[in-house]
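Notes to accompany the following structure.
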Amino acid sequence: MPTSAVTPGEKINSSLSDSLQEPDSSKITEFEGHKFALEAVAAGSEPWPYSIEPLPDGRILLSTRGHGLKVITPGSSTAVPVAIDPLKVREINAYDFCFENKTQHGLPRGNGWMLDIATSPKPSERDTVFIAIGRTAQRNPFPKDPCPETAPSSWGPGTSMIQIIRGKLIGNELIDVKEVWAFDKRHYTKETELTLGGRITFDGAGNLLFSVGVKGAANDLPVERHKRAQDLSHPEGKIHRVQPDGKGPPADNPFNGDGGTSNLTYPCGKPQLAVLDSIYACGVRSPQGLEYDHRRQVLWQTEMGPAGGDELNLIVAGGNYGWPYATSGTPYDGPVNYAAGVDTKALHFKPPIWDFGWNGR
């Protein structure tokens, strides 16, 4: 089991105010016995940055939640917007990349964000960029749905869900944009993408793994929202694994082709839906980190839990990581019993490698 720089019971010797101060790049910064030399490569480019990806030519790609994709050139102090094939973007109903009106797209706590970015692991395709976005639905695909619990807030204009797209970066333009993966519109909701994650990595076989958290998980209620993480017919609260060429989930995914239905009923008593073949692991809350270790051939995930419940998980195929039934965190909305009436022993949860609630106190 990996060890942590912080032992149980030990307090980090810095205040929150200190950690939020911008460091002086001309000085060496020391934290927990490690020394870092900090160098500013760009400043004032975006108040809502989300992901960075180094490029083979030395430039850096930057995704921003409000203004799309940008690129930073060494020696330049600003990030330049990347122009994206507008016709293709409209065709696949993706993120609004219209920079002409200089407006912010997506609310700071809303929908329609650009999330993680990653370049292809294949040496011959290093100019190929994969992007996780909050795809928005333009209209309600089920306008006459009678479900009172979801009809006012789900499936209509302003709803979103993660979509994976890919394109070729030529200079400051992303061309040949194509869809890699998108979920059924019935899973689109108006809840914030703040806890969605949307992180991307590639395994040893070249398959694309991405994280989908529980939308709106910063609020502990309603309980049914969080139970999506245990519903194998719903994309939220899962790690997904698909082929990067858009041909769907690989044949060896743990739930691919089993023909089963979910273990939970859909809201308003809807019939149980088919298990999603893309699911690789389940029971995660807000998976803000996802990285495949090619040397050890293992998949790591970091989890933003409720207060005190952050985790480091070693993800395995078919693993269930317990959310919302197993957590050391404290709900923000007061005492919440997620597991009422549920036989949690039958779900065989995988314990975290490190839990900042149990281990970090």
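The values are calculated or read from the model by the stated rules, or taken from the named source; none is laboratory data. Since we're looking at a predicted model, the values are computed, not measured. Cβ sites come from the backbone with ideal geometry, for glycine too, and all protein chains shown count toward neighbours.
Here are the numbers for the structure shown:
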| quantity | calculated |
| --- | --- |
| Yes/no for GLY75 being modelled with pLDDT of 70 or more and either within 16 Å of the chain's Cα centre (by Cα) or more than 30 Å from GLY206 (Cα to Cα) (or both) | yes |
| Residue that is assigned to a loop (DSSP other than H, G, I, E, B), closer than 21 Å to ASN219 by Cα, in contact with a Gly (Cβ under 8 Å, 6 or more places away or on another chain) and modelled with pLDDT of 90 or more, where the choices are GLY322, GLY357 | GLY322 |
| The stretch 315-346, residues that are surrounded by fewer than 17 Cβ atoms within 10 Å (Cβ to Cβ) and either closer than 27 Å to ASP293 by Cα or touching a Lys or Arg at 6+ places or on another chain (Cβ under 9 Å) (or both) | VAL316, ALA317, GLY318, VAL342 |
| Residue that is modelled with the highest pLDDT [pool: residues in the stretch 90-136 that are among the small types (Gly, Ala, Ser) and part of a loop (DSSP other than H, G, I, E, B)] | SER120 |
| The stretch 155-194, residues that are of a type in the set (Ser, Thr, Tyr) and either closer than 19 Å to TYR280 by Cα or in a strand (DSSP E or B) (or both) | SER160, THR189 |
| Boolean, VAL214 is touching a residue at least 12 places away in the same chain (Cβ under 8 Å) and under 18 Å from the mean Cα position of the chain (by Cα) | yes |
| Cβ-Cβ under 9 Å pairs, at least 6 apart or on other chains, the stretch 155-171 side basic (Lys, Arg), far side assigned to a loop (DSSP other than H, G, I, E, B) and at pLDDT 80 or above | ARG166/SER120; ARG166/PRO244; ARG166/ASP245; ARG166/GLY246; LYS168/ASP127 |
| Among (1) under 16 Å from the mean Cα position of the chain (by Cα); (2) modelled with pLDDT under 85; (3) among the polar types (S, T, N, Q), the one test that GLN163 misses | (2) |
| Residue in the stretch 228-244 that is buried (at least 20 other Cβ atoms within 10 Å of the Cβ), in a loop (DSSP other than H, G, I, E, B), of a type outside the set (Asp, Glu) and on the phi > 0 side of the Ramachandran plot present | yes |
| Hits in the stretch 187-224 (condition: surrounded by fewer than 21 Cβ atoms within 10 Å (Cβ to Cβ) and touching a Gly at 6+ places or on another chain (Cβ under 6 Å)) | LYS190, THR192, THR195 |
